Amino acid sequence: MCLLAHEVYGLCSGAYACPWRRAAWDVVLLPSITVLQLVNWVCLWLDEVLFPSAREVEVRRPVFIVGPPRSGTTHLHRVLAEDVERFAAASAWEVFLAPSILQKKTLRGVARLDAKLDRPVARGVRRVERWLLGGFDETHPSALTEPEEDYFYLMAVHACTGLALVFPRWPALRRLMPGVTPDTEAPRRRALDFYRRCLRKQVYVDGTDRVVLSKNASFSSWMDVLPEVFPDARFVVCMRKASETVPSMLSTAEKAMEGFAATPRGGDIRGVLVEAMKAHYRTLRERVKTLSDARVSVVNIGELKEDLPETLARLDRKLDLGVSPGFRDRWAEMGERSRGHASRHRYTAEQFGLDPDVLDRKCPVVEEWLPGGGS
(Lines give C-alpha, C1' and ligand atoms only; values in the text may rest on other atoms or scores of the structure.)
Protein backbone atom coordinates (compact mmCIF):
# COMPACT_ATOMS: atom_id res chain seq x y z
CA MET A 1 0.00 0.00 0.00
CA CYS A 2 2.91 2.34 0.72
CA LEU A 3 4.25 1.87 -2.82
CA LEU A 4 0.77 2.35 -4.28
CA ALA A 5 0.33 5.60 -2.33
CA HIS A 6 3.65 6.96 -3.61
CA GLU A 7 2.79 6.00 -7.18
CA VAL A 8 -0.65 7.62 -7.02
CA TYR A 9 0.82 10.77 -5.51
CA GLY A 10 3.54 10.86 -8.17
CA LEU A 11 1.01 10.54 -10.97
CA CYS A 12 -1.29 13.19 -9.52
CA SER A 13 1.54 15.63 -8.85
CA GLY A 14 3.04 15.35 -12.34
CA ALA A 15 6.25 13.70 -11.11
CA TYR A 16 6.61 11.54 -14.23
CA ALA A 17 7.52 12.77 -17.70
CA CYS A 18 4.93 10.45 -19.32
CA PRO A 19 2.15 10.06 -16.71
CA TRP A 20 -0.28 8.12 -18.90
CA ARG A 21 2.32 5.57 -19.95
CA ARG A 22 3.43 5.31 -16.34
CA ALA A 23 -0.15 4.76 -15.18
CA ALA A 24 -0.46 1.93 -17.71
CA TRP A 25 2.72 0.35 -16.37
CA ASP A 26 1.46 0.70 -12.80
CA VAL A 27 -1.69 -1.23 -13.72
CA VAL A 28 0.58 -4.07 -14.83
CA LEU A 29 3.47 -3.79 -12.37
CA LEU A 30 1.81 -3.21 -9.01
CA PRO A 31 -0.60 -6.19 -9.04
CA SER A 32 2.03 -8.45 -10.61
CA ILE A 33 4.70 -7.63 -8.04
CA THR A 34 2.22 -7.89 -5.17
CA VAL A 35 1.02 -11.34 -6.25
CA LEU A 36 4.58 -12.51 -6.98
CA GLN A 37 5.86 -11.46 -3.56
CA LEU A 38 2.90 -13.06 -1.79
CA VAL A 39 3.57 -16.32 -3.64
CA ASN A 40 7.30 -16.06 -2.88
CA TRP A 41 6.72 -15.58 0.85
CA VAL A 42 4.20 -18.43 1.05
CA CYS A 43 6.68 -20.72 -0.72
CA LEU A 44 9.55 -19.58 1.50
CA TRP A 45 7.42 -20.47 4.52
CA LEU A 46 6.53 -23.85 3.01
CA ASP A 47 10.25 -24.52 2.57
CA GLU A 48 10.58 -24.51 6.35
CA VAL A 49 7.97 -27.27 6.56
CA LEU A 50 8.89 -29.34 3.50
CA PHE A 51 12.69 -29.02 3.50
CA PRO A 52 13.81 -28.46 7.12
CA SER A 53 17.27 -29.91 6.43
CA ALA A 54 18.01 -26.92 4.16
CA ARG A 55 18.56 -24.86 7.31
CA GLU A 56 21.70 -26.90 7.99
CA VAL A 57 23.25 -26.33 4.55
CA GLU A 58 26.47 -24.30 4.60
CA VAL A 59 27.47 -21.81 1.92
CA ARG A 60 31.16 -22.70 1.71
CA ARG A 61 33.77 -20.43 0.11
CA PRO A 62 31.43 -18.61 -2.27
CA VAL A 63 32.89 -16.50 -5.06
CA PHE A 64 31.56 -12.95 -5.30
CA ILE A 65 32.18 -10.87 -8.42
CA VAL A 66 31.88 -7.18 -7.56
CA GLY A 67 32.89 -3.92 -9.17
CA PRO A 68 31.29 -0.64 -10.17
CA PRO A 69 28.36 -1.12 -12.56
CA ARG A 70 29.47 -1.38 -16.21
CA SER A 71 32.96 -2.61 -15.30
CA GLY A 72 32.75 -6.08 -16.85
CA THR A 73 31.12 -7.97 -13.97
CA THR A 74 28.38 -9.47 -16.17
CA HIS A 75 30.86 -10.71 -18.76
CA LEU A 76 33.10 -12.41 -16.17
CA HIS A 77 30.10 -13.87 -14.36
CA ARG A 78 28.70 -15.47 -17.49
CA VAL A 79 32.13 -16.81 -18.46
CA LEU A 80 32.74 -18.50 -15.09
CA ALA A 81 29.14 -19.73 -14.92
CA GLU A 82 29.85 -21.87 -17.99
CA ASP A 83 31.76 -24.16 -15.64
CA VAL A 84 28.57 -25.89 -14.50
CA GLU A 85 30.52 -28.72 -12.89
CA ARG A 86 32.20 -26.33 -10.45
CA PHE A 87 29.89 -23.34 -9.97
CA ALA A 88 26.24 -22.80 -9.11
CA ALA A 89 25.02 -19.49 -10.50
CA ALA A 90 21.39 -18.42 -10.20
CA SER A 91 19.58 -17.80 -13.48
CA ALA A 92 17.30 -14.83 -13.99
CA TRP A 93 14.16 -16.95 -13.68
CA GLU A 94 15.33 -18.13 -10.26
CA VAL A 95 16.08 -14.73 -8.76
CA PHE A 96 12.85 -13.18 -10.04
CA LEU A 97 10.41 -16.10 -9.89
CA ALA A 98 11.82 -18.79 -7.63
CA PRO A 99 13.71 -17.79 -4.47
CA SER A 100 12.34 -20.84 -2.62
CA ILE A 101 13.31 -24.49 -2.93
CA LEU A 102 9.70 -25.41 -3.68
CA GLN A 103 9.54 -22.96 -6.60
CA LYS A 104 12.94 -24.01 -7.99
CA LYS A 105 12.03 -27.70 -7.93
CA THR A 106 8.55 -27.10 -9.35
CA LEU A 107 9.70 -24.91 -12.26
CA ARG A 108 12.59 -27.24 -13.07
CA GLY A 109 10.10 -30.08 -13.20
CA VAL A 110 7.89 -28.07 -15.55
CA ALA A 111 10.92 -27.36 -17.76
CA ARG A 112 11.77 -31.08 -17.98
CA LEU A 113 8.20 -31.94 -18.94
CA ASP A 114 8.13 -29.08 -21.46
CA ALA A 115 11.33 -30.41 -23.07
CA LYS A 116 9.66 -33.79 -23.61
CA LEU A 117 6.74 -32.03 -25.35
CA ASP A 118 8.98 -30.11 -27.82
CA ARG A 119 9.15 -26.97 -25.62
CA PRO A 120 5.86 -25.16 -26.33
CA VAL A 121 6.04 -23.35 -22.99
CA ALA A 122 9.66 -22.34 -23.53
CA ARG A 123 8.84 -20.85 -26.94
CA GLY A 124 5.94 -18.85 -25.50
CA VAL A 125 8.07 -17.58 -22.62
CA ARG A 126 10.80 -16.61 -25.07
CA ARG A 127 8.37 -14.47 -27.09
CA VAL A 128 7.19 -12.67 -23.96
CA GLU A 129 10.79 -12.30 -22.82
CA ARG A 130 11.81 -10.64 -26.09
CA TRP A 131 8.86 -8.26 -25.83
CA LEU A 132 9.81 -7.25 -22.30
CA LEU A 133 13.62 -7.31 -22.51
CA GLY A 134 14.42 -6.74 -26.17
CA GLY A 135 14.85 -3.02 -25.61
CA PHE A 136 17.80 -3.70 -23.29
CA ASP A 137 19.86 -5.75 -25.76
CA GLU A 138 22.13 -2.81 -26.48
CA THR A 139 22.97 -2.09 -22.85
CA HIS A 140 22.43 -5.33 -20.90
CA PRO A 141 21.41 -8.34 -23.03
CA SER A 142 19.36 -10.64 -20.83
CA ALA A 143 17.40 -13.86 -20.91
CA LEU A 144 15.57 -15.75 -18.18
CA THR A 145 17.95 -18.70 -18.58
CA GLU A 146 21.12 -16.55 -18.34
CA PRO A 147 22.99 -16.13 -15.02
CA GLU A 148 21.79 -12.95 -13.32
CA GLU A 149 22.53 -10.86 -10.24
CA ASP A 150 21.12 -12.75 -7.28
CA TYR A 151 20.96 -9.37 -5.56
CA PHE A 152 17.39 -9.42 -6.89
CA TYR A 153 16.55 -11.97 -4.20
CA LEU A 154 16.49 -8.92 -1.92
CA MET A 155 13.33 -7.64 -3.60
CA ALA A 156 11.41 -9.67 -1.02
CA VAL A 157 12.84 -7.55 1.83
CA HIS A 158 12.76 -4.22 -0.05
CA ALA A 159 16.56 -4.02 -0.14
CA CYS A 160 17.17 -4.34 -3.88
CA THR A 161 18.10 -0.78 -4.80
CA GLY A 162 18.10 -1.60 -8.52
CA LEU A 163 14.32 -1.35 -8.38
CA ALA A 164 14.72 2.37 -7.67
CA LEU A 165 15.00 2.76 -11.45
CA VAL A 166 11.52 1.24 -11.80
CA PHE A 167 10.00 2.93 -8.72
CA PRO A 168 12.06 6.11 -8.26
CA ARG A 169 9.55 7.64 -5.83
CA TRP A 170 9.65 4.81 -3.28
CA PRO A 171 11.73 5.97 -0.26
CA ALA A 172 12.17 2.41 1.06
CA LEU A 173 14.40 1.64 -1.91
CA ARG A 174 16.38 4.86 -1.90
CA ARG A 175 17.35 4.56 1.76
CA LEU A 176 19.85 1.79 0.94
CA MET A 177 21.27 3.40 -2.19
CA PRO A 178 25.00 4.00 -1.71
CA GLY A 179 25.98 7.60 -1.18
CA VAL A 180 22.44 8.63 -0.17
CA THR A 181 22.06 7.60 3.48
CA PRO A 182 25.30 6.97 5.40
CA ASP A 183 23.91 4.99 8.37
CA THR A 184 22.72 1.80 6.67
CA GLU A 185 24.90 -0.92 8.22
CA ALA A 186 22.15 -2.48 10.37
CA PRO A 187 19.52 -2.78 7.58
CA ARG A 188 22.17 -4.06 5.17
CA ARG A 189 23.22 -6.76 7.63
CA ARG A 190 19.58 -7.79 8.03
CA ALA A 191 19.24 -7.94 4.25
CA LEU A 192 22.38 -10.08 4.02
CA ASP A 193 20.98 -12.50 6.60
CA PHE A 194 18.02 -13.06 4.28
CA TYR A 195 20.37 -13.27 1.29
CA ARG A 196 22.37 -16.02 3.02
CA ARG A 197 19.13 -17.98 3.46
CA CYS A 198 18.49 -17.67 -0.27
CA LEU A 199 21.99 -18.93 -1.09
CA ARG A 200 21.46 -21.92 1.22
CA LYS A 201 18.37 -22.81 -0.78
CA GLN A 202 20.34 -22.53 -4.00
CA VAL A 203 23.05 -24.85 -2.66
CA TYR A 204 20.40 -27.28 -1.41
CA VAL A 205 18.91 -27.58 -4.91
CA ASP A 206 22.10 -27.36 -7.00
CA GLY A 207 24.22 -29.62 -4.79
CA THR A 208 26.75 -29.05 -2.01
CA ASP A 209 29.59 -30.11 -4.32
CA ARG A 210 29.22 -26.89 -6.32
CA VAL A 211 30.45 -23.44 -5.29
CA VAL A 212 28.10 -20.48 -5.24
CA LEU A 213 29.07 -17.96 -7.92
CA SER A 214 27.48 -14.57 -7.34
CA LYS A 215 27.77 -11.38 -9.38
CA ASN A 216 26.45 -8.20 -7.85
CA ALA A 217 27.79 -4.80 -8.85
CA SER A 218 25.52 -3.29 -6.20
CA PHE A 219 27.44 -5.17 -3.50
CA SER A 220 30.55 -3.08 -4.27
CA SER A 221 29.46 -0.47 -1.72
CA TRP A 222 28.55 -3.29 0.72
CA MET A 223 32.14 -4.52 0.91
CA ASP A 224 32.39 -3.04 4.39
CA VAL A 225 30.03 -5.75 5.68
CA LEU A 226 29.97 -8.51 3.01
CA PRO A 227 33.39 -10.07 3.89
CA GLU A 228 32.33 -10.27 7.55
CA VAL A 229 28.99 -11.92 6.80
CA PHE A 230 30.77 -14.43 4.50
CA PRO A 231 34.17 -14.81 6.22
CA ASP A 232 35.46 -17.53 3.87
CA ALA A 233 34.26 -15.88 0.65
CA ARG A 234 36.55 -15.02 -2.23
CA PHE A 235 36.17 -11.80 -4.19
CA VAL A 236 36.91 -10.84 -7.78
CA VAL A 237 36.85 -7.07 -8.21
CA CYS A 238 36.31 -5.80 -11.75
CA MET A 239 37.75 -2.36 -12.42
CA ARG A 240 37.27 0.24 -15.13
CA LYS A 241 37.83 3.99 -15.20
CA ALA A 242 34.93 6.09 -13.93
CA SER A 243 35.04 8.22 -17.07
CA GLU A 244 33.82 5.08 -18.87
CA THR A 245 31.60 3.40 -16.26
CA VAL A 246 29.64 6.45 -15.10
CA PRO A 247 28.30 7.58 -18.50
CA SER A 248 27.65 3.94 -19.42
CA MET A 249 25.67 3.46 -16.21
CA LEU A 250 23.73 6.69 -16.71
CA SER A 251 22.86 5.72 -20.27
CA THR A 252 21.77 2.24 -19.14
CA ALA A 253 19.72 3.66 -16.25
CA GLU A 254 17.97 6.20 -18.48
CA LYS A 255 17.04 3.51 -21.01
CA ALA A 256 15.65 1.35 -18.21
CA MET A 257 13.62 4.22 -16.78
CA GLU A 258 12.32 5.14 -20.22
CA GLY A 259 11.32 1.52 -20.78
CA PHE A 260 9.14 1.55 -17.64
CA ALA A 261 7.98 5.16 -18.17
CA ALA A 262 9.68 5.97 -14.86
CA THR A 263 11.62 8.99 -16.11
CA PRO A 264 10.96 11.79 -13.60
CA ARG A 265 9.89 15.27 -14.59
CA GLY A 266 12.63 17.35 -13.04
CA GLY A 267 14.62 16.10 -10.08
CA ASP A 268 18.26 15.11 -10.18
CA ILE A 269 18.19 11.32 -10.55
CA ARG A 270 21.51 11.61 -12.38
CA GLY A 271 23.03 13.22 -9.31
CA VAL A 272 21.84 10.36 -7.10
CA LEU A 273 23.28 7.77 -9.47
CA VAL A 274 26.63 9.56 -9.76
CA GLU A 275 26.90 9.71 -5.96
CA ALA A 276 26.15 5.99 -5.84
CA MET A 277 29.00 5.32 -8.29
CA LYS A 278 31.36 7.40 -6.17
CA ALA A 279 30.39 5.29 -3.15
CA HIS A 280 31.15 2.07 -5.06
CA TYR A 281 34.64 3.25 -5.99
CA ARG A 282 35.32 4.67 -2.53
CA THR A 283 34.26 1.55 -0.64
CA LEU A 284 36.17 -0.79 -2.93
CA ARG A 285 39.32 1.33 -2.68
CA GLU A 286 39.10 1.35 1.11
CA ARG A 287 38.13 -2.28 1.68
CA VAL A 288 40.03 -4.33 -0.90
CA LYS A 289 43.33 -3.58 0.85
CA THR A 290 41.98 -4.99 4.14
CA LEU A 291 41.46 -8.48 2.65
CA SER A 292 44.14 -11.12 2.55
CA ASP A 293 45.83 -11.73 -0.78
CA ALA A 294 44.23 -15.19 -1.06
CA ARG A 295 40.72 -13.74 -0.81
CA VAL A 296 40.69 -11.05 -3.47
CA SER A 297 41.89 -10.43 -7.00
CA VAL A 298 41.41 -7.32 -9.15
CA VAL A 299 40.73 -7.55 -12.88
CA ASN A 300 40.40 -4.74 -15.40
CA ILE A 301 37.99 -4.84 -18.31
CA GLY A 302 40.81 -4.76 -20.85
CA GLU A 303 42.17 -8.05 -19.50
CA LEU A 304 38.75 -9.66 -19.81
CA LYS A 305 38.47 -8.67 -23.44
CA GLU A 306 42.01 -9.08 -24.73
CA ASP A 307 43.52 -11.84 -22.55
CA LEU A 308 40.69 -13.86 -21.05
CA PRO A 309 42.54 -17.23 -20.83
CA GLU A 310 45.45 -15.76 -18.83
CA THR A 311 43.03 -13.82 -16.63
CA LEU A 312 41.07 -16.98 -15.84
CA ALA A 313 44.28 -18.89 -15.13
CA ARG A 314 45.44 -16.19 -12.73
CA LEU A 315 42.12 -16.13 -10.90
CA ASP A 316 42.13 -19.92 -10.65
CA ARG A 317 45.63 -19.94 -9.15
CA LYS A 318 45.27 -17.02 -6.80
CA LEU A 319 41.79 -17.72 -5.42
CA ASP A 320 41.99 -21.52 -5.62
CA LEU A 321 38.81 -21.69 -7.70
CA GLY A 322 39.31 -25.33 -8.63
CA VAL A 323 37.76 -25.01 -12.10
CA SER A 324 36.96 -28.23 -13.95
CA PRO A 325 39.37 -29.58 -16.62
CA GLY A 326 36.65 -29.42 -19.28
CA PHE A 327 36.11 -25.73 -18.62
CA ARG A 328 39.85 -25.04 -18.76
CA ASP A 329 40.03 -26.75 -22.14
CA ARG A 330 37.63 -24.16 -23.59
CA TRP A 331 39.55 -21.06 -22.47
CA ALA A 332 41.25 -20.48 -25.84
CA GLU A 333 37.93 -20.62 -27.68
CA MET A 334 36.31 -18.34 -25.09
CA GLY A 335 39.21 -15.91 -25.41
CA GLU A 336 38.68 -15.63 -29.17
CA ARG A 337 34.99 -15.02 -28.61
CA SER A 338 35.73 -12.33 -26.03
CA ARG A 339 38.20 -10.51 -28.28
CA GLY A 340 35.70 -10.54 -31.13
CA HIS A 341 32.85 -9.05 -29.10
CA ALA A 342 31.96 -5.42 -29.83
CA SER A 343 29.32 -3.62 -27.80
CA ARG A 344 26.69 -1.57 -29.61
CA HIS A 345 26.25 0.68 -26.58
CA ARG A 346 27.37 4.24 -27.35
CA TYR A 347 27.76 7.05 -24.79
CA THR A 348 30.07 9.86 -23.69
CA ALA A 349 30.59 11.65 -20.40
CA GLU A 350 29.98 14.97 -22.14
CA GLN A 351 26.43 14.06 -23.17
CA PHE A 352 25.57 14.00 -19.47
CA GLY A 353 27.37 17.23 -18.70
CA LEU A 354 30.28 15.44 -17.00
CA ASP A 355 34.01 16.04 -17.25
CA PRO A 356 35.89 12.71 -17.75
CA ASP A 357 39.01 13.95 -15.95
CA VAL A 358 36.98 15.11 -12.94
CA LEU A 359 35.21 11.74 -12.78
CA ASP A 360 38.50 9.86 -12.75
CA ARG A 361 39.86 12.10 -9.99
CA LYS A 362 36.75 11.76 -7.82
CA CYS A 363 36.42 8.01 -8.41
CA PRO A 364 39.97 6.63 -8.31
CA VAL A 365 40.32 2.96 -9.18
CA VAL A 366 41.61 0.34 -6.78
CA GLU A 367 45.39 0.77 -6.82
CA GLU A 368 46.13 -2.88 -7.61
CA TRP A 369 44.40 -2.39 -10.94
CA LEU A 370 47.03 0.02 -12.19
CA PRO A 371 49.70 -1.33 -14.58
CA GLY A 372 52.34 -3.13 -12.55
CA GLY A 373 50.01 -3.57 -9.57
CA GLY A 374 49.73 -6.76 -7.59
CA SER A 375 46.35 -7.96 -8.77
>> Anything in the range 49-82 that is part of a helix (DSSP H, G or I) and exposed (fewer than 13 other Cβ atoms within 10 Å of the Cβ)? List them, or say none.
In response: Val49, Pro52, Ser53, Arg55, Glu56
> Considering only residues of the range 193-226 that are closer than 15 Å to Val95 by Cα, in a helix (DSSP H, G or I) and hydrophobic (A, V, I, L, M, F, W, C), which is farthest from the chain's Cα centre (by Cα)?
Replying inline: Val205
> Just one of Ser100, Ser32, Ser53, Ser91 is in contact with a Cys (Cβ under 7 Å, 6 or more places away or on another chain) and small (Gly, Ala, Ser); which is it?
Replying inline: Ser100
> Looking at (1) over 17 Å from the mean Cα position of the chain (by Cα); (2) modelled with pLDDT under 90; (3) of a type outside the set (D, E, K, R), can you tell me which one Thr283 breaks?
Replying inline: (2)
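One line per residue, one yes/no per condition, for (1) under 24 Å from Arg234 (Cβ atoms); (2) free of Cβ contacts under 8 Å to residues at least 24 places away in the same chain:
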{"site": "Cys2", "(1), (2)": "no, no"}
{"site": "Asp26", "(1), (2)": "no, yes"}
{"site": "Leu36", "(1), (2)": "no, no"}
{"site": "Val57", "(1), (2)": "yes, no"}
{"site": "Phe87", "(1), (2)": "yes, no"}
> Looking at the range 240-249, is at least one residue crowded, with 19+ Cβ neighbours inside 10 Å, among the β-branched types (Val, Ile, Thr), within 21 Å of Arg22 (Cα to Cα) and within 19 Å of the chain's Cα centre (by Cα)?
Replying inline: no
>> Among the residues of the range 255-263, are any at pLDDT 90 or above and among the aromatic types (Phe, Trp, Tyr)?
In response: no
> Within the range 184-201, can you find the residues that are of a type in the set (Gly, Ala, Ser) and surrounded by fewer than 13 Cβ atoms within 10 Å (Cβ to Cβ)?
Replying inline: Ala186
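The values are calculated or read from the model by the stated rules, or taken from the named source; none is laboratory data. These numbers were taken from a predicted model, which means no experiment stands behind them. Note: ideal-geometry Cβ built from the backbone for every residue, glycine included; neighbour counts use all protein chains shown.
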